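Before any comments, here is the structure.
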């Protein structure tokens, strides 16, 4: 697997472009996100000064945290993954019909199990595709890229190891794209962060691009407490 280290835009964009021209799966790592300890300290201090106090969920997803979360999604109480996977399985062909042969970009890809349903729909319509998973967990990203490439050798897979927003500048050079943000992950953001996230993403997209957002509906408290 090829590896590329990149500083913030425009170098990150250039590194992704070079990876797309290479052979086999590649991982692009952002230098901007390499100082995780300092990043954690600054974010934690900010979170402890806020009311209510909070810690950004992205810090849960190191190698151990990512593996633990995958185990959680397999528990019978955790309905979200099963439900969303069923929806995607039923809708993947229709989504492909609407978007056409867009490049697939997934924010917070994890193990890529749900996105695999869309990859199959894409490959049913064309012999090749490009899939760009973005994840803060290097170990989860590397494993997912290898797994997807093994199952779908005709797919070009370029993993981007960085925060979501660091990857936004890459979208323009990949257009047309279908950007996926699944698992109700947007619920990890505060209302203000949601607005900023969506505005930044929209500014990075072009006419003809698409955004697929997975969100949970209102549930009984007992169901949520059992799941989480």
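Here is how the numbers come out for the structure above:
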| quantity | calculated |
| --- | --- |
| Residue identified as closer than 18 Å to residue 140 by Cβ and touching a strand residue (DSSP E or B) at 6+ places or on another chain (Cβ under 8 Å) among 74, 106, 56 | 106 |
| Residue within the stretch 122-133 that is more than 25 Å from residue 87 (Cβ to Cβ), surrounded by fewer than 16 Cβ atoms within 10 Å (Cβ to Cβ) and more than 12 Å from the chain's Cα centre (by Cα) present | yes |
| Selection from the stretch 73-102 of residues that are surrounded by 13 or more Cβ atoms within 10 Å (Cβ to Cβ) and more than 17 Å from residue 210 (Cβ to Cβ) | 73, 78, 79, 80, 81, 83, 84, 85, 89 |
| Residues of the stretch 198-223 satisfying the condition of being within 20 Å of residue 114 (Cβ to Cβ) and outside any loop (DSSP other than H, G, I, E, B) | 201, 210, 211, 212, 213 |
| Selection within the stretch 103-114 - farther than 22 Å from residue 18 by Cβ and crowded, with 20+ Cβ neighbours inside 10 Å | 108, 110, 111, 112, 114 |
| Pairs, first farther than 10 Å from residue 105 by Cα in the stretch 169-184, second at pLDDT 90 or above and part of a helix (DSSP H, G or I), C-beta under 7 Å, six or more apart | 169/204; 172/204; 182/84; 183/80; 183/84; 184/80 |
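The values are calculated or read from the model by the stated rules, or taken from the named source; none is laboratory data. Quantities reported herein were computed from a predicted structural model and do not represent experimental measurements. A quick note on method: Cβ atoms are made from the backbone with ideal geometry, for glycine too, and the neighbour counts reach across all protein chains shown.
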